[in-house]
Amino acid sequence: MAKSPEVVQQYLEEVEAAAEDVLSDRQEIITLDRRRNTNREALRQLAGDGGAGKGPDSRMWICVGNMFLRMPRGFVKDSIEKEQKHLDTEINNLRNGLRSKVNLLNDLEHKQATIGTSLKPLSPDEWQAVQQVMGK
């Protein structure tokens, strides 16, 4: 039995919306990961500049948007570390949500679910139990 053009169009719209959602989340993860890497480089540079006169109270220049500000070194380091934690949680949340969105897209396209997308790492307690069983 042939389906009406309206039903086909609605199906294609649903698939397109699901695919767009997956692609936008992937792009957001890439953007946040680049920002996280930039922050990691900045933290590494701050840790490497531990020379004379470079204590936490010394002031340094930072670029915020299109402005340069002179801020205390300790404040800058704390701010970057807080942003790193926020970026880590946001990236993890997007990755966890992406799994269900990819599975929804596969369901709409009548494909099998992607194998291995619902795997989670062992907790430290579970890993310790595995090591005990293996005799290590």
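Read-outs throughout are calculated quantities, based only on the coordinates presented, and are distinct from any laboratory measurement. What you see is a predicted model; the values in this text were computed from it and never measured. Don't worry about glycine lacking a Cβ; one is built from the backbone with ideal geometry, like all the others, and counts go over all protein chains shown.
For the chain, what is the mean residue ellipticity at 222 nm derived from helices alone (per DSSP H run of n ≥ 4: -39500 (n - 2.57); sum divided by total residues; nearest 500 deg cm²/dmol)?
-24000 deg cm²/dmol
If you plug each phi of the stretch 91-100 into the Karplus form 6.51 cos²θ - 1.76 cosθ + 1.60 with θ = phi - 60°, what whole-Hz ³J(HN,Hα) values come out, in order, with x for Gly and Pro?
So the Karplus estimates, Gly and Pro as x, are 5, 5, 5, 5, 5, 5, x, 5, 4, 5 Hz.
What's the ranking of 78-91, 59-72 by average number of surrounding C-beta atoms within 10 Å, highest first?
Result, highest mean first: 78-91, 59-72.
Amide H of Met60: which non-local residues (sequence gap of 5 or more, or other chain) have their own amide H closer than 5 Å, using H built in the peptide plane?
The answer is Met71, Arg73.
Modelling each spin label as a point 7 Å along the Cα-to-Cβ direction, I'd like the Ile62/Thr89 distance in nm, to one decimal.
Here the modelled spin labels are 1.9 nm apart.
Just how many pairs of Lys in the chain have C-alpha atoms closer than 30 Å, counting pairs that are eight or more places apart or on different chains?
14
Quick one: if the Förster radius is 35 Å, what FRET efficiency do Gln10 and Arg99 give, using the C-beta to C-beta distance and rounding to 0.05?
0.85
Would you mind computing, in nm to one decimal, how far apart the modelled labels at Leu119 and Gln132 are, each placed 7 Å from Cα along Cα→Cβ?
Output for this residue pair reads 2.5 nm.
What relative contact order, as a whole-number percentage, does the chain give when Cα pairs under 8 Å and 6 or more residues apart are counted?
It comes to 27 percent, rounded to a whole number.
What is the ratio of the Cα radius of gyration of the chain to 2.2 N^0.38 Å, with N the residue count, to two decimals?
So the Cα radius of gyration is 1.65 times the expected 2.2 N^0.38 Å.
Along the stretch 12-27, what does the Karplus equation 6.51 cos²θ - 1.76 cosθ + 1.60 (θ = phi - 60°) give for ³J(HN,Hα), rounded to whole Hz, x for Gly and Pro?
Computed from phi, the couplings for the stretch 12-27 are 5, 5, 5, 5, 5, 5, 5, 5, 5, 5, 5, 5, 5, 5, 4, 5 Hz.
Cut-off is 10 Å between beta-carbons; in what order do Asp25, Asp57, Asp107 appear when sorted fewest neighbours first?
Ascending Cβ contact count within 10 Å gives the list Asp57, Asp107, Asp25.
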